[in-house]
Every structure is written in C-alpha cells, then in structure tokens.
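A short reminder: the numbers here are calculations on the coordinates, not readings from a lab. Quick caveat: nothing in here was measured; it's all calculated off a predicted structure. Here the Cβ positions follow ideal geometry from the backbone for every residue, glycine too, while neighbour counts run over all protein chains shown.
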Amino acid sequence: MRRFLKIFKVAFQAINKNRTRSLLTTLGIIIGVGAVIMTISAGEGATQQVQDQISGLGTNLLMINTKTEHRAGMNVRMGRPIDKKDFDMLQKNSVWMPKLSPMVASGVQAIGPNGNKSTTVYGVSQEYFDILSRDITSGDALTEEDVKTARKVCVIGETIRKELFSGLDPIGRKIRINKVPFTIVGLLKEEGKGTMGQDQDDMLIAPYTTIQDRLYGHRRGYNMIMASALSEDHIVDAEIEATELLRESHRILSGEEDDFEITTQIELQEITGNVTGILTIILGAIASISLIVGGIGIMNIMLVSVTERTREIGTRLAIGARESDILTQFLIEAIVLSLAGGVLGVILGIIGNQIIYKITDFFIPTAFYSVLIGFGFSALVGVAFGYFPARKAAKLNPIDALRYE
C-alpha cells in the first residue's frame, strides 16, 4: 500500500511539474464530456417537451386515416377514402367513442383588414374543440347548427388575429378565405409552437360542411376522422371497435388487410419517443468523437513525456524499480488527467445547459445518466489511451535509458 501511495505521489508531481501542458491535454476531454452531457440532456429535454405537448391533447385521442404507401417520392392511397359513410357508421354504432369529428384541411389565402396571409383552414365539427382540448378565449366555438347548415363562420388562431386584425376585436368581423367571406365567431386560446415546431395558432377553423361546399365544391371524403375514447382505460377498446366498424363499412373480408390506419395518442407518444431517442443516441455518439480525440491527445502527450523522462525512467529501473511500478505510474498520470478533464467536463455540461436555457428558454434537464456516461467514458479513455505509453516506459532497457540524451 505504501509503495502504491509513493507511486501515486510521483505521478502527481510529474503532472504538477507541467501544469500548463497538463491542462491543455485535458481540454479535449473537458469539451468531449461537456458535449456528451449537453447533447444527451438536450435530447431528453426535447423528448419531454414533445411528450408534454402530446399529453396536453389528452390520452384518449384516435386519428383515423386512409392507408397510404410511399411510392416514387409520393404518398399513394391504398384504399377507399374515409368519407361520410364511415363517419355515420362510427357515430351511430360506436360505444367507446362518444366524440367524433371529420377533418378536411386546405392551404388558403386569408384576407383581413391589415392585409393577407397564407395559412391553413381546418374544416371540423363542433366536437373538435373537446377532442383536441382547444379552448376559446373570446366569442364562441362552432355549433352543431353551424355544421348542419354549412354556415360561413370560423374561429381564428392568435397568429391570424395579430397579423390580420392587429388592434381590432376580430369577433363579428369578416375574413375572406380564398375570396369567400366568413364571419369570425371565436378566438382560440394561444398554444404556441407544436411538437414539430409548427405554429399552432396560425390556423382557421370552420364547419367541415362549409369548407367542402365552398372551397372543395364536393362532399366526397375527409382527410381524417378524429375521435375521443370514453376514457384512457378504454382507448384499446375504442381502437378495436373502430377497426371492426370500418372493416364492415369498407366491406373488407376476413383475412384481407385494412385499407385504413388508426393512430392512438399512446402510439403517437411511442413513435415520437422512439424518434427523439434515436436522435439523442446519434447526437451523443457524434459528441463522443471529441472524447476519442481527447484520448489521442493524452496518448500523444504521454509518449512525449516518456521520451523526455527516459533517463529518469532508466535511473529508477537501475536502483530497483520494477516494470509494474513504471507502468502503474504512467497509467495513473493518464487516468488522473482524463478524470480531471471528466470532472471539469461535467461542470461545463451542467453550466452549458443552464446557459442554453437562459438564452433560448428551452429547458434542458441535466440527465443523471449522461453525467455517468461522460465521466465513465473519460475514465475509460484514460486507461485505453494511457496504457500504450505506460507500457512503452515500463519496457525501456535501463542501460539504454541511462545512455539516452
């Protein structure tokens, strides 16, 4: 034990003797560990933000679409489009889906008192607001009567209000959607950016019947049907029920593949979680490259150190030091440099997360496992890249080492 402590002391003295070089050597490790912690934590923060936004829609959402397949750079419909027959089948026979809303969407040009804007209009039923938990801050939501009579009314998002009705109360005013005049009856509560960075307030909502009649010129199909399960516990029941009813509506025989797709809130969370998880791993792997570069720097400096201290090594071997003593000393030097870089890198990563939060208002929780990965990786780098120089020093011939100049 005393022998090991003496070796440890000699190693620290060697590091302290060249403090500037030692600090520069650890710089690669510091940056690498800090980068690993920041990238993994950023991935965790993004995942959490996406999950929170999806959860904000509730956990009992179902989205029913026509099945498509990607061919030759475009999505090709694989079956009959979702239409009124399907909606009526679900509405009349569903037990586990009390709220249903068709959706038709179209890119449009909206014209207001302060100019015009390209945006998207969503044609929905009155149930849409409850299904997606969208609140109205002023005015009213769409009504069943609005949908039945295809009234030219709409609800607008906060972005539309700011750009086309700045300084004005939009309720009761007219807005032209592709030259068709609509009366604004409500203003949506501001939501901000969505899961993929889209502006959730840059939208118009109108009765789907009105959009089909006035903008499409037909009532042949929907982009999707949105539904809300009775409760989170019954979301699987709702999915099974919707599948059975739609197969009946589409006259799909037993053994034949569905020509529609049903995505639930839970599946959406799993998909986004998997995507952000993969991105986190990729970013962490890229950041780890700088750790390897730092390890190469440590090996390079240790090789230089072995060359510089050849006579010292020869003297120690000549007076009785063992190969294992020399190997241990140089290995300790490499590990200490690497671990010191790891500690400073952890501090850099934590501070960097806070700086990003202050600048961008994007909260990045420092993931505990990212600290363990960064610090553990730094220790591994010290051992892996320090062993070769240490072994070279231990294998020096004492006579040749004493003659070295």
Exercise. Between beta-carbons, use under 12 Å as the cut-off and find the net charge around Lys162, counting Lys and Arg +1, Asp and Glu -1.
Key: -4
Practice problem: Using R₀ = 56 Å, calculate the FRET efficiency as 1/(1 + (r/R₀)^6) where r is the Cβ-Cβ separation of Asp169 and Ile281; round to 0.05. | Solution: 0.65
Practice problem: Obtain the nm distance between the two label points defined at Lys84 and His234 by a simple spin-label model: each point lies 7 Å from its Cα along the Cα-to-C-beta direction. | Solution: 2.8 nm
Quiz item: So how much slack lies between Val343 and Leu253, counting 0.36 nm per residue of separation and subtracting their Cα-Cα distance, in nm?
Solution: 26.0 nm
Practice problem: Name the residues whose placed amide hydrogens come within less than 5 Å of the amide hydrogen of Met224, ignoring near sequence neighbours (fewer than 5 apart) on the same chain. | Solution: Met103
Practice problem: List the pair-distance distribution P(r) of segment 61-264, using every Cα-Cα distance, as the percent of pairs falling in each 10 Å bin from 0 up to the bin containing the longest distance, rounded to whole percents. | Solution: 8, 33, 34, 19, 5, 0
Quiz item: For the pair Glu244 and Lys92, how long in nm is the line joining their label points, each one 7 Å along Cα→Cβ?
Solution: 1.8 nm
Quiz item: Roughly speaking, what is the centre-to-centre gap between segment 231-264 and segment 145-216 when only Cα atoms are used, to the nearest Å?
Solution: 32 Å
Quiz prompt | Karplus-derived HN-Hα couplings along segment 23-30 (A = 6.51, B = -1.76, C = 1.60, θ = phi - 60°), whole Hz, x at Gly and Pro | solution = 5, 5, 5, 7, 4, x, 5, 4
